[in-house]
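For reference, the structure discussed in these notes is given below.
The values are calculated or read from the model by the stated rules, or taken from the named source; none is laboratory data. Quick caveat: nothing in here was measured; it's all calculated off a predicted structure. Quick reminder, even Gly has a Cβ in these numbers, built from the backbone with ideal geometry, and neighbours come from all protein chains shown.
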Amino acid sequence: MRKKETRKVVQIGSSFGIELPQSIIDSLKIKRGDEIEFDVRNNQIVLSRKRKWEDEVDAEMLDMLSETLKEHDQVFKNLKNR
């Protein structure tokens, strides 16, 4: 996606803001509440969606972890109550 678009800077409280074009929202899969990282390089602002830990962890690994926690639930409760 390499399409140049223009947006006006608007006042939001005591800050400035811009609206993101839908093409960028779609391309980066941005959802309400996502965190966006800003990086200034060579007099340009580079935006990227901050990666979540869920994006980094393999789904199979999460399933295995869930199984282990369920299987040893009583052991963890006993440790907590010591």
Restricting the first residue to segment 39-51 and requiring it to be closer than 17 Å to Arg7 by Cα, which pairs with a second residue that is surrounded by 10 or more Cβ atoms within 10 Å (Cβ to Cβ) and among the hydrophobic types (A, V, I, L, M, F, W, C) meet a Cβ separation below 9 Å and a spacing of at least six or different chains? Leu47/Leu20; Leu47/Ile24; Leu47/Leu28; Leu47/Ile36
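Before we move on, is Lys80 in contact with a strand residue (DSSP E or B) (Cβ under 7 Å, 6 or more places away or on another chain), exposed (fewer than 10 other Cβ atoms within 10 Å of the Cβ) and not aliphatic (A, V, I, L, M)? Don't jump to the end; show me each part of the working.
Values: in contact with a strand residue (DSSP E or B) (Cβ under 7 Å, 6 or more places away or on another chain): no; exposed (fewer than 10 other Cβ atoms within 10 Å of the Cβ): yes; not aliphatic (A, V, I, L, M): yes.
Considered against the rule, which asks whether it is in contact with a strand residue (DSSP E or B) (Cβ under 7 Å, 6 or more places away or on another chain), exposed (fewer than 10 other Cβ atoms within 10 Å of the Cβ) and not aliphatic (A, V, I, L, M), Lys80 comes out as no.
So for segment 60-69 (the condition being among the hydroxyl-bearing types (Ser, Thr, Tyr) and outside the structural domain of Val10 (by TED's automatic domain parsing)), does at least one residue qualify?
Filtering segment 60-69 for residues among the hydroxyl-bearing types (Ser, Thr, Tyr) gives 66, 68.
Among the residues that remain, those that are also outside the structural domain of Val10 (by TED's automatic domain parsing) are: 66, 68.
Taking every residue of segment 60-69 in turn, at least one turns out to be among the hydroxyl-bearing types (Ser, Thr, Tyr) and outside the structural domain of Val10 (by TED's automatic domain parsing).
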For segment 49-74, which residues satisfy the criterion of being at pLDDT 85 or above and surrounded by 10 or more Cβ atoms within 10 Å (Cβ to Cβ)? Asp63, Met64, Leu65, Ser66, Glu67, Thr68, Leu69, His72, Asp73
Among the residues of segment 25-53, which ones are of a type in the set (Gly, Ala, Ser) and assigned to a strand (DSSP E or B)? Ser48
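Considering segment 17-34 alone, what residues qualify as being farther than 20 Å from Lys3 by Cβ and surrounded by 10 or more Cβ atoms within 10 Å (Cβ to Cβ)?
Initially, segment 17-34 is screened for residues farther than 20 Å from Lys3 by Cβ, giving 17, 31-34.
Of everything in segment 17-34, those that are farther than 20 Å from Lys3 by Cβ and surrounded by 10 or more Cβ atoms within 10 Å (Cβ to Cβ) turn out to be Gly17, Asp34.
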